[in-house]
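The values are calculated or read from the model by the stated rules, or taken from the named source; none is laboratory data. None of these values were measured; they are calculated from a predicted model. Reconstructed Cβ throughout: ideal geometry from the backbone, glycine too, with neighbour counts over all protein chains shown.
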Amino acid sequence: MKSKKVISLLAALAITAGLMAGCGSSGQTENTANTEGAADQEAQEESPAAEEPASEEATTDEAAAGGAEAVTIWYYWETEGHQVALDQVIQDYNASQGNYQVTAKYVPFADFKKQLSIGASADELPDIAILDSPDHASYVEMGIFEDLTGKFDVGSYYEGAVNSCTVDGKLYGVPFGVNCLALYYNEDMLKEAGREAPTTWDELMDTAKALTTDSVTGLALCSVQNEEGTFNFVPWLWSTGADSYSIGSENGIRALTFIQNLVNEGVMSKECINWTQGDVMNQFIAGNVAMMENGPWQIPTMQKEAPDLNWKVTLIPKDSQYSSVLGGENYAVINGGKVEGALDFLTYATSEEKVKFLMDKFGYISADKAIAESQFEADSPYQPFVEELNYAMPRGPLAEWPSVSDAISLAFNQVITGTATPEDAAAEAQATIDGIVK
């Protein structure tokens, strides 16, 4: 591999230590951060990691011998179906032209940050990295990503997706695919209770009360104390008009109070602090929960495991504004590497045909709004998520996001368990956040 921009070993190791320290309060944090931005949780648990492709060195030699320049990609998807889909696009691209030969390498999610940090100092970086969107700013701070401003057109992409890979007004990546959260509801239960799908917080509370029985709780959302919990709470925070860094504001306290009231009124179980997004889905499928906040990656599993369950999806009910949170991955081009080859591949991989192929295999929605709007039929359960993306925002972008997330999820957890009032939990979280970002 030709020489890439080398960052000093001390700097790389310092950044690595910081990133690893900021991984969250739970060992699940990095894995769940990946899960929430990925498709079908069950598939991730059941599918073994595919074997890595033949050595890059051998592939590079073969490409050189054939006159094609080698371009390498790193990704962290362990789901076999994801790997196969990406490999198919790579094979199609390689067959379509003779200037570049692309290969891909699987790097476990837990090692991804460390490998990029060490690779920066050891001159062993790929040419393209596919990474979790909330981590993008951390890598930009390392100085290893090419500034793509003016080099790639993202004018038709969702604003939130573009913001996730934009730092200081400069574009350092291209969104791969996106997802978000919305509200699922059991249509039979709502009909029996004589209710419509709620659109506001007041309507949600009223509907959840009407649906709660001795065996059914009206609402569930993943509330574990890590990034997965933060992911599920921030739409409620943002709906008040607060941002991620102002949880101590009147609006931030309002969001925490609403979540606490859901529990105190008995319409949301405290057990949600132990439920992942997959667990919440299982409770919904079992009929123990009437409504849930969850993502589109659950749809394939629900259609397979509960084909007779009558459910629909709608926007997350709002306080002052509709809101959701952005999940998914971004492409990033490594500076000093095969930039032209990387951009040529990205141009190919982001064409409508290839995007629709990848999104179908991943259970994702295209980050390109022009493609997403024609990706699904009007009655598809994915369609409400396309609409929800108009209100979805990224976490960060901030290099220190993991530490901010820890403070938010702790406050969220404290009000659910009753260990702190919304005011005290918000004040504690705000003090932590202020120490990070100010």
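Please go through segment 237-286 and pick out each residue that is touching a strand residue (DSSP E or B) at 6+ places or on another chain (Cβ under 9 Å) and among the aromatic types (Phe, Trp, Tyr).
238, 275, 284 - these are the residues of segment 237-286 that are touching a strand residue (DSSP E or B) at 6+ places or on another chain (Cβ under 9 Å) and among the aromatic types (Phe, Trp, Tyr).
Specify which of the listed residues (313, 325) is touching a Pro at 6+ places or on another chain (Cβ under 6 Å), more than 30 Å from residue 139 (Cβ to Cβ) and among the aliphatic types (A, V, I, L, M).
Details: 325 fails: more than 30 Å from residue 139 (Cβ to Cβ).
Matching residue, one of 313, 325: 313.
Filter segment 158-178 for residues that are touching a residue at least 12 places away in the same chain (Cβ under 8 Å) and assigned to a helix (DSSP H, G or I); which is nearest to residue 235 (Cα to Cα)?
If we take residues in segment 158-178 being touching a residue at least 12 places away in the same chain (Cβ under 8 Å) and assigned to a helix (DSSP H, G or I), then 160 is nearest to residue 235 (Cα to Cα).
Scan segment 421-431 and give yes if some residue there is buried (at least 20 other Cβ atoms within 10 Å of the Cβ), touching a helix residue (DSSP H, G or I) at 6+ places or on another chain (Cβ under 8 Å) and closer than 22 Å to residue 160 by Cα, otherwise no.
Checked against the condition, which is being buried (at least 20 other Cβ atoms within 10 Å of the Cβ), touching a helix residue (DSSP H, G or I) at 6+ places or on another chain (Cβ under 8 Å) and closer than 22 Å to residue 160 by Cα, segment 421-431 yields no hits at all.
Does segment 247-260 include one or more residues that are surrounded by 23 or more Cβ atoms within 10 Å (Cβ to Cβ) and in a loop (DSSP other than H, G, I, E, B)?
yes
Here are the criteria: (1) in a helix (DSSP H, G or I); (2) within 16 Å of the chain's Cα centre (by Cα); (3) surrounded by 24 or more Cβ atoms within 10 Å (Cβ to Cβ). Tell me which single one residue 395 does not satisfy.
Of the numbered conditions (1) in a helix (DSSP H, G or I); (2) within 16 Å of the chain's Cα centre (by Cα); (3) surrounded by 24 or more Cβ atoms within 10 Å (Cβ to Cβ), the odd one out for residue 395 is (1).
Identify all residues within segment 173-197 that are more than 22 Å from residue 300 (Cβ to Cβ) and surrounded by 24 or more Cβ atoms within 10 Å (Cβ to Cβ); write none if there are none. Even if it seems obvious, please write down each step before you answer.
So in segment 173-197, the residues more than 22 Å from residue 300 (Cβ to Cβ) come out as 173-174, 189-197.
Selection gives 173, 174.
Residue by residue, here is whether (1) within 23 Å of residue 178 (Cβ to Cβ); (2) charged (D, E, K, R) holds:
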site: 95; (1), (2): no, no
site: 109; (1), (2): yes, no
site: 119; (1), (2): no, no
site: 123; (1), (2): no, yes
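Across segment 135-158, what is the number of residues that are surrounded by fewer than 16 Cβ atoms within 10 Å (Cβ to Cβ), under 24 Å from residue 364 (Cα atoms) and of a type in the set (D, E, K, R)?
Looking only at that region, the number is 1.
Being outside the structural domain of residue 110 (by TED's automatic domain parsing) and touching a Pro at 6+ places or on another chain (Cβ under 6 Å) narrows it down to one of 415, 404, so name that one. Explain how you work it out, then say what you get.
On the way: 404 fails: touching a Pro at 6+ places or on another chain (Cβ under 6 Å).
Only one candidate qualifies: 415.
Name the residue that is modelled with the highest pLDDT, counting only residues in segment 86-137 that are more than 30 Å from residue 325 (Cα to Cα), touching a Leu at 6+ places or on another chain (Cβ under 9 Å) and not small (Gly, Ala, Ser).
Only one residue fits best here, namely 125.
For segment 313-356, which residues satisfy the criterion of being more than 30 Å from residue 93 (Cα to Cα), more than 22 Å from the chain's Cα centre (by Cα) and not hydroxyl-bearing (Ser, Thr, Tyr)?
Within segment 313-356, the first condition is being more than 30 Å from residue 93 (Cα to Cα), and the residues that meet it are 313-325.
When the remaining residues are screened for being more than 22 Å from the chain's Cα centre (by Cα), the result is 319-320.
Matches in segment 313-356: 319 only.
Those residues that are part of a helix (DSSP H, G or I) and closer than 18 Å to residue 294 by Cβ, I need them from segment 368-392; list them, please. Step through it out loud before you land on a result.
Going residue by residue through segment 368-392, those that are part of a helix (DSSP H, G or I) are 369-372, 383-391.
Within segment 368-392, 383, 384, 385, 386, 387, 388, 389, 391 qualify.
Restricting to segment 281-292, give me the number of residues that are surrounded by fewer than 23 Cβ atoms within 10 Å (Cβ to Cβ) and either touching a residue at least 24 places away in the same chain (Cβ under 8 Å) or of a type in the set (A, V, I, L, M) (or both). Before you say what the answer is, go through the steps one by one.
Just the residues of segment 281-292 that are surrounded by fewer than 23 Cβ atoms within 10 Å (Cβ to Cβ), to begin with: 282-283, 285-288.
Okay, now just the ones that are also either touching a residue at least 24 places away in the same chain (Cβ under 8 Å) or of a type in the set (A, V, I, L, M) (or both), so 283, 285-288.
Total meeting the criteria: 5.
Just give me the residues in segment 202-227 being closer than 19 Å to residue 324 by Cβ and either at pLDDT below 95 or not assigned by TED's automatic domain parsing to the domain that holds residue 293 (or both), in sequence order.
Across segment 202-227, the qualifying residue is only 227.
Within segment 234-246, work out how many residues are within 17 Å of residue 396 (Cβ to Cβ) and either part of a helix (DSSP H, G or I) or of a type in the set (Lys, Arg) (or both).
Filtering segment 234-246 for residues within 17 Å of residue 396 (Cβ to Cβ) gives 234-235, 237-238, 242-246.
Narrowing further to those that are either part of a helix (DSSP H, G or I) or of a type in the set (Lys, Arg) (or both): 234-235, 237-238.
Adding up the residues that qualify gives 4.
Here is a check on your reading of the model: is residue 152 in a loop (DSSP other than H, G, I, E, B) and either modelled with pLDDT of 90 or more or of a type in the set (Phe, Trp, Tyr) (or both)? Talk me through it step by step, then tell me what you get.
On the way: in a loop (DSSP other than H, G, I, E, B): yes; either modelled with pLDDT of 90 or more or of a type in the set (Phe, Trp, Tyr) (or both): yes.
Yes.
Looking only at segment 179-229, count every residue that is of a type in the set (Gly, Ala, Ser) and either assigned to a strand (DSSP E or B) or free of Cβ contacts under 8 Å to residues at least 24 places away in the same chain (or both) and tell me the total.
Restricting attention to segment 179-229, the residues satisfying the condition of being of a type in the set (Gly, Ala, Ser) are 182, 193-194, 197, 208, 210, 215, 218, 220, 223, 229.
If we keep only those that are either assigned to a strand (DSSP E or B) or free of Cβ contacts under 8 Å to residues at least 24 places away in the same chain (or both) as well, we get 182, 193-194, 210, 218, 220.
Looking only at that region, the number is 6.
Considering segment 108-134 alone, what residues qualify as being assigned to a loop (DSSP other than H, G, I, E, B), surrounded by fewer than 22 Cβ atoms within 10 Å (Cβ to Cβ) and either of a type in the set (Ser, Thr, Tyr) or on the phi < 0 side of the Ramachandran plot (or both)?
Narrowing segment 108-134 to residues assigned to a loop (DSSP other than H, G, I, E, B): 108, 123-127.
Those left that are additionally surrounded by fewer than 22 Cβ atoms within 10 Å (Cβ to Cβ): 108, 123-124.
Correct list: 108, 124.
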